[in-house]
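Worksheet: the structure to be examined is printed underneath.
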Amino acid sequence: MKVTIRNVAEAAQVSTSTVSRVIHDDPRISGETKRKVAAAVKRLNYHPHAVASSLASRSTKTLGIILPNAKEELFMNPFFIQAMRGISIHAQDRGYHLMYAFSKSEEEEVEFIKSYIHSKWVEGVILLTVRHNDQCIAYLRSQQYPFVVIGRPEDANDILWVDNDNFKAMYDVVNFLVDHGNREIAFIGGPLSFNVTLDRLNGYKQALLSRAIAVNPVLVAEGKDFTEKEGHRIFQKMISERIPEAIVTTDDYLAFGVLEVIAERQLEGISVVGFNNTLRSNYQRPTLTTVDIQPADLGSKAARLLIDHLEKRAVVFNHYIIETRLIERDSTTHSAKKD
């Protein structure tokens with residue numbers, strides 16, 4: 001027979017409301033009463049009803065995640081898988097559940113956020129990307145609803161966010177390539193509507209200028225997405241006008257597309273660098289030099305910031321900057337430094 005809260009109350013010789021307060025760690029309940037109820041719960045193997053518990057406490061202990069992918073591309077990009085891994089581990093450690101939605105447009109993402117808020121399914125929202133004039137951030141701020149962003153918001157003063165220093169990461173990559181004798185360095189990025197693309201593009205441009213190298217517009221390209229197919233298409237078009245000495249991309253999958261073209265056209269001596277250090281980058285032939293942005297740590301820190309905020313814990317900073325690391329592999333080793 002199913003054990004109820006009334007059974008626990010009878011066993012502990014207290015009221016059902018007292019049992020409920022003990023379950024929700026009400027500070028007004030004495031230590032002795034808490035021990036009596038805890039003993040009864042353990043003896044009877046009682047499990048509180050999650051939905052009823054959340055209604056009583058007005059807390060669902062659930063976070064909503066918005067994935068910026070259509071169903072055809074869901075979980076195709078390993079960045080989101082690793083970020084969600086970090087979110088999941090930290091959330092579970094803190095006793096929180098996750099609910100996620102995926103979408104094919106920014107407008108659809110806003111609709112999912114509206115349903116999250118109006119249904120009271122989730123206590124806070126995690127956004128996995130940031131766009132220029134981001135509609136999701138604008139709506140969440142207008143509703144004064146708790147949220148955190150993986151990425152750098154344009155107005156970051158009163159927003160919880162986690163990111164890498166994407167400007168510096170790309171700046172360092174370009175200087176690495178220049179130090180190894182490359183001057184004609186191409187940039188292939190995802191959509192410029194994403195702040196991460198803009199930050200990395202600015203890092204690329206500033207690095208070239210700091211080394212007295214002019215930015216060649218022919219060697220700068222914006223992709224429609226971050227896929228291998230798009231990297232292939234862009235580089236195929238680029239080399240019809242100019243073949244660079246090296247290429248930096250804002251995602252490993254764009255770099256994989258570039259490497260395909262290099263193999264198909266039997267081009268030699270071109271260095272290629274990606275971002276994200278995906279698992280495939282170490283098995284690709286040639287293996288891909290890439291920047292490890294630690295997406296699981298990004299996810300974990302995002303969950304930590306949001307949960308700390310929900311639980312009204314003291315937060316010294318409203319953001320975390322996660323370190324990056326350039327991992328050298330075969331796609332750049334053929335480029336010898338010139339004297």
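The values are calculated or read from the model by the stated rules, or taken from the named source; none is laboratory data. Quantities reported herein were computed from a predicted structural model and do not represent experimental measurements. Because the Cβ atoms are built from the backbone with ideal geometry, glycine has one as well, and the counts that use them run over all protein chains shown.
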ask   = Tell me, which residue of the range 213-228 that is part of a helix (DSSP H, G or I) and surrounded by 16 or more Cβ atoms within 10 Å (Cβ to Cβ) is modelled with the highest pLDDT?
value = Leu219
key: Tally of residues being in a loop (DSSP other than H, G, I, E, B) and more than 22 Å from Ser210 (Cα to Cα) across the range 176-196   = 4
inquiry  = Only one of Ile293, Ile307, Ile262 is touching a residue at least 40 places away in the same chain (Cβ under 8 Å) and under 28 Å from Phe235 (Cβ atoms). Can you tell me which?
reply    = Ile293
remark   = If we take the range 78-175, then strands (runs of 3 or more DSSP E) inside it with 3 or more residues that are without any contact (Cβ under 8 Å) to a residue 60 or more places away in the chain and either farther than 30 Å from Tyr204 by Cα or of a type in the set (D, E, K, R) (or both) are 97-102
task = Examine the range 144-154 for a residue that is within 15 Å of the chain's Cα centre (by Cα), buried (at least 21 other Cβ atoms within 10 Å of the Cβ) and among the basic types (Lys, Arg), and state whether such a residue exists.
result = yes
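Report, by residue number, each residue of the range 273-290 that is among the aliphatic types (A, V, I, L, M) and surrounded by fewer than 24 Cβ atoms within 10 Å (Cβ to Cβ). Outline the logic, then answer.
If we filter the range 273-290 for residues that are among the aliphatic types (A, V, I, L, M), which is where we start, we get 273, 279, 288.
Answer for the range 273-290, where residues must be among the aliphatic types (A, V, I, L, M) and surrounded by fewer than 24 Cβ atoms within 10 Å (Cβ to Cβ): just Leu279.
Does the range 284-294 include one or more residues that are in a loop (DSSP other than H, G, I, E, B), over 15 Å from Asp330 (Cα atoms) and aliphatic (A, V, I, L, M)?
Taking the range 284-294 and keeping what is in a loop (DSSP other than H, G, I, E, B), we get 284-288, 293-294.
So of that shortlist, the ones also over 15 Å from Asp330 (Cα atoms) come out as 293-294.
Next, only the ones that are aliphatic (A, V, I, L, M) stay: 293.
There is at least one residue in the range 284-294 that is in a loop (DSSP other than H, G, I, E, B), over 15 Å from Asp330 (Cα atoms) and aliphatic (A, V, I, L, M).
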query = Do you know which residues across the range 107-145 are under 23 Å from Leu192 (Cβ atoms) and of a type in the set (S, T, N, Q)?
reply = Thr129, Asn133, Gln135
query = Consider Arg313 against the criteria (1) in the same structural domain as Asn182 (by TED's automatic domain parsing); (2) outside any helix (DSSP H, G or I); (3) over 17 Å from the mean Cα position of the chain (by Cα): it satisfies all of them except one. Which criterion is unmet?
reply = (1)
